[in-house]
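Let me begin by presenting the structure, written as structure tokens, before commenting on it.
The values are calculated or read from the model by the stated rules, or taken from the named source; none is laboratory data. This structure is a prediction, so every number in the text was calculated from the model and none was measured. Cβ atoms come from the backbone with ideal geometry, glycine included; neighbour counts cover every protein chain shown.
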């Protein structure tokens, strides 16, 4: 997963420039991260990513905060020569 390309191609603020972040749907998040919506459900259940719940069925995600949360789970291999 290349987070730098996601950050540059995704507009996380509204066009008014007021600093509000754009909240996205589960399917949009899954598409941005190249995973299935079921994987997003699993990550929410495991508390790997932050979610905003407005009601039991109405959930939204802040892509910027999700990317920061997923960076904590990045695995880096040491000592492996290519």
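Restricting attention to region 43-63, the residues being modelled with pLDDT under 95 and not in a loop (DSSP other than H, G, I, E, B) number 0.
In this structure, does residue 40 turn out to be surrounded by 15 or more Cβ atoms within 10 Å (Cβ to Cβ) and either assigned to a loop (DSSP other than H, G, I, E, B) or modelled with pLDDT under 95 (or both)? Here the answer is no, as residue 40 does not meet what is asked.
Residue count for region 18-37 under the criterion of being surrounded by 14 or more Cβ atoms within 10 Å (Cβ to Cβ), in a loop (DSSP other than H, G, I, E, B) and in contact with a helix residue (DSSP H, G or I) (Cβ under 8 Å, 6 or more places away or on another chain): the result is 1.
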